[in-house]
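To start, the structure under review is shown below, and the notes come after it.
Bear in mind that the values in this text are calculations on the coordinates, not laboratory data. This structure is a prediction, so every number in the text was calculated from the model and none was measured. A quick note on method: Cβ atoms are made from the backbone with ideal geometry, for glycine too, and the neighbour counts reach across all protein chains shown.
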Amino acid sequence: MHSAASLGYLAVAVAKPRVIIIANNIEELGGAQRVVHVLAQGLSHRGYPTELIGVVPHPQKHRYVIDPAYQSTTLMSEIWPPPIAPSGLLGKYRPQVRKRQANRARLRAAAIERLREILSSGPPGVIICAQLWAMEYLRAAGYDNWKVVGQYHASFEAAASGRDLRRALRNYQDVSTVALLTAEDAAQFADAGLRNVCWVPNPLSFWPVETAKLRGQSVTYLGRL
C-alpha cells in the first residue's frame, strides 16, 4: 500500500513538463505557423500542458486547428509597425520617425514583460522557439531553469546567404539544442560554430487515407519550393 504522501510524490514524479512554443506570429497563413500548431496539438494530446505564443498579431487570422487542446497567446496588442528609414543628416530627428521608434519600443517592452509573466506563471519546463526573432524576445525576457529547443525552418544555404546565420549563432549558442531540418543542415551549422545541433523533419499535419504506390513512375509535388 502506498501512503498519501508517497502517492502525491508519484503524481509529481510522473507529471509531464510544461511546454511553451513561441513563434514570430501564430495567426498568419504559413509553413512555420502550421508546424507550431501541429506541434502544440500533438503535445497537448500526449498529455503535455502546452501554450502556443506568438509575438505579434496578424491582420488576417488563419485557423489551423478546429478544436485546439492548447492555449494560445499573442504578446503584442497591436500590429508591429515597420520602421521608418530616416533620410538626410537630421532624418532621425523627424517627429514622424521618432514617434514610430517610440511606438515600436513601447510594444517591444510590453511584449517582453508579458512573456516574463507567462514564463513565471508556472514551473519551468521546455520552450520550443520556432524562429530567430522570437528567440530575441525570449532572450530579453530571460529563460533561467528552462530547457530551450531552438528551430530553424530553412536550409543552411538560406541562412548563410543573408544575416540569419549570424543571428542563429548569436541567439542559439547557449540553448539546450537546435533542431534543423536535415542531417546536412545540422552538419553545416555545426561546422559554422553551432555545436548543439540535431535534425528533425517537420511533422505532417495529417496522414493520407491511402498512401501512394512506390512502383509508379511519376512524382507529383504541390507546395512551395
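Taking the highest mean first, how do the peptides 175-181, 28-34 order by number of other beta carbon atoms within 10 angstrom per residue? Intermediate values should be presented prior to the final figure.
On the way: 175-181: 19.3, 28-34: 16.3.
Final packing ranking: 175-181, 28-34.
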Fewest-first ordering of PHE206, PHE189 by Cβ atoms within 10 Å yields PHE206, PHE189
Here the gain from full extension of SER205 to HIS45, 0.36 nm per residue of separation minus their alpha-carbon distance, amounts to 56.2 nm
Highest mean packing first, using Cβ neighbours within 10 angstrom, the peptides 64-71, 154-161 sort as 154-161, 64-71
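Is there a quick way to get the dipole size of the chain? I mean about its Cα centre, with the Cβ of Lys and Arg at +1 and of Asp and Glu at -1; what is the value in debye to the nearest 20?
Working: 26 positive and 16 negative charges, 156 e Å.
Computed about the Cα centre, the dipole is about 760 debye.
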Among PRO95, SER161, LEU180, the residue whose Cα sits farthest towards the positive end of the charge dipole of the stretch 14-199 (+1 at Cβ of Lys and Arg, -1 at Cβ of Asp and Glu, taken about the Cα centre) is PRO95
Fewest to most Cβ atoms within 10 Å: MET76, MET135 sort as MET76, MET135
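In deg cm²/dmol and to the nearest 500, what is the mean residue ellipticity at 222 nm of the chain if only DSSP H runs of at least 4 residues count, each as -39500 (n - 2.57), divided by the residue total? Write down the numbers at each step before the final one.
Details: 7 runs with 83 residues, N = 225.
Taking each H run of at least 4 residues, the total per residue is -11500 deg cm²/dmol.
Over the chain, what is the mean sequence separation of C-alpha contacts under 8 Å (at least six apart), divided by residue count, expressed as relative contact order in percent?
Details: 323 pairs, mean separation 36.8, N = 225.
Once divided by the residue count of the chain, the mean separation gives 16 percent.
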With label points set 7 Å from each Cα along the Cα-to-Cβ direction at SER121 and LYS61, the distance between them in nm comes to 1.6 nm
Distance in Å, no decimals, from the C-alpha centre of the stretch 126-195 to the one of the stretch 64-88 is 21 Å
Expected max-MSF residue from TRP146, TRP80, TRP207 in the GNM of the chain (alpha carbon, under 10 Å) is TRP207
